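Report on the structure given below.
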Amino acid sequence: MKISVSIPEVKQWVKAQKIAGKTVGLVPTMGYLHEGHASLIKRCLAENDVVVVSNFVNPTQFGVGEDLADYPRDFNQDCTLCEALGVDMVFHPDSQEMYNAPHVSVAVDTLSETLCGKTRPIHFSGVCTVVCKLFNIVAPDRAYFGEKDAQQLAIIRKM
């Protein structure tokens, strides 16, 4: 299993896979993987030739006073699970790699401003921005998302 922290390296690796005629699946995560993630990875493995799992705690979806510093992380355990499942690449960038100044943000209006978006005004823009960036970096044929957060899922589908 390949582990990359570099956007150019991921793009080059994915390009080589596509030149070889392979389909690429992406499972975007913030790490601290569990059985829900494992089920997405298994589905991705079944439907694609190669699988990339992103493992990035996205700071742009955390507001002031929210739990970014306390967000659980266990990269070694995440890699153990990914390797056991047969993941081809784990993309584990740091914030500097993902967000160098200046950066553009992506938002889905209206849907992002209701329900929990009222109390977390930057959250969904941060989610959309990182997903858009991951789509542009990995250029997956398919992407796999959990469905536990209905509002977030609706926003990602709309995006």
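The values are calculated or read from the model by the stated rules, or taken from the named source; none is laboratory data. Computed from a prediction, not measured in an experiment: that's the story for all the values here. Don't worry about glycine lacking a Cβ; one is built from the backbone with ideal geometry, like all the others, and counts go over all protein chains shown. What goes into the accessible areas is simple: the full protein's heavy atoms, side chains included, and nothing from ligands, DNA or RNA. Shrake-Rupley method; radii C 1.70, N 1.55, O 1.52, S 1.80 Å.
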Discussion item. Can you give me the angle between helix 123-138 and the longest principal axis of the chain, using Cα atoms only, in degrees from 0 to 90, rounded to the nearest 10?
Written reply: 20 degrees
Item to complete: Take the chain, connect every pair of alpha-carbon atoms lying under 10 Å apart with a spring to form a Gaussian network, then pick out the residue of CYS82, CYS44, CYS132 with the largest mean-square fluctuation.
Response: CYS132
Worksheet entry | region 19-108: chymotrypsin sites (Phe, Trp or Tyr not before Pro) falling in loop per DSSP and having at most 15 other Cβ within 10 Å | TYR32
Practice prompt. Can you tell me the dipole magnitude for region 1-101 around its Cα centre, using point charges on the Cβ only (Lys, Arg +1; Asp, Glu -1), in Debye to the nearest 20?
Written response: 540 debye
Discussion item. Please give me the summed charge of the neighbours of ASP74: other residues whose Cβ is under 15 Å from its Cβ, Lys and Arg +1, Asp and Glu -1.
Written reply: -3
Worksheet, complete the sentence: Expressed in square angstrom to the nearest 10, the accessible area of MET159 with a 1.4 Å probe stands at 80 Å²
Worksheet item: How much accessible surface does HIS92 have with a 1.4 Å probe, in Å² rounded to 10?
Response: 60 Å²
Practice prompt. Report, ordered by chain and residue number, the lysines lying within cross-link reach of LYS15, taken as a straight Cα distance under 22 Å and ignoring same-chain residues fewer than 8 apart.
Written response: LYS2, LYS133
Response to the item:
So the angle from the long Cα axis of helix 75-85 to the longest Cα principal axis of the chain, reported in degrees to the nearest 10, equals 50 degrees
Fill in: Simple label model, 7 Å out from Cα along Cβ direction - ASP94 to MET1, nm
2.2 nm
Worksheet item: For GLU9 and ALA139 in the same chain, what is the full-extension length gain: residue separation times 0.36 nm, less their Cα-Cα distance, in nm?
Response: 45.5 nm
Fill in: Approximate spin-label separation HIS34-GLN151, in nm, with each point projected 7 Å along Cα-to-Cβ
2.0 nm
Worksheet item: Under the Kirkwood approximation applied to all pairs of distinct alpha-carbon atoms, what is the hydrodynamic radius of region 1-145 in Å?
Response: 15.9 Å
Worksheet entry | Cα convex hull of region 1-80 - mean projected area over all directions, nm² | 6.1 nm²
Worksheet, complete the sentence: Note: VAL64 to VAL106 extended length (0.36 nm per residue) minus current alpha-carbon separation gives 13.2 nm
Response to the item:
Per its Cα gyration tensor (rounded if a/c is under 1.5, else prolate when a/b beats b/c, else oblate), region 48-98 is best filed as prolate
Worksheet, complete the sentence: Whole-Hz Karplus couplings 3J(HN,Hα) for region 43-59, θ = phi - 60° and coefficients 6.51, -1.76, 1.60, Gly and Pro as x, run 5, 4, 4, 6, 10, 9, 6, 9, 10, 10, 10, 8, 9, 8, 7, 7, x
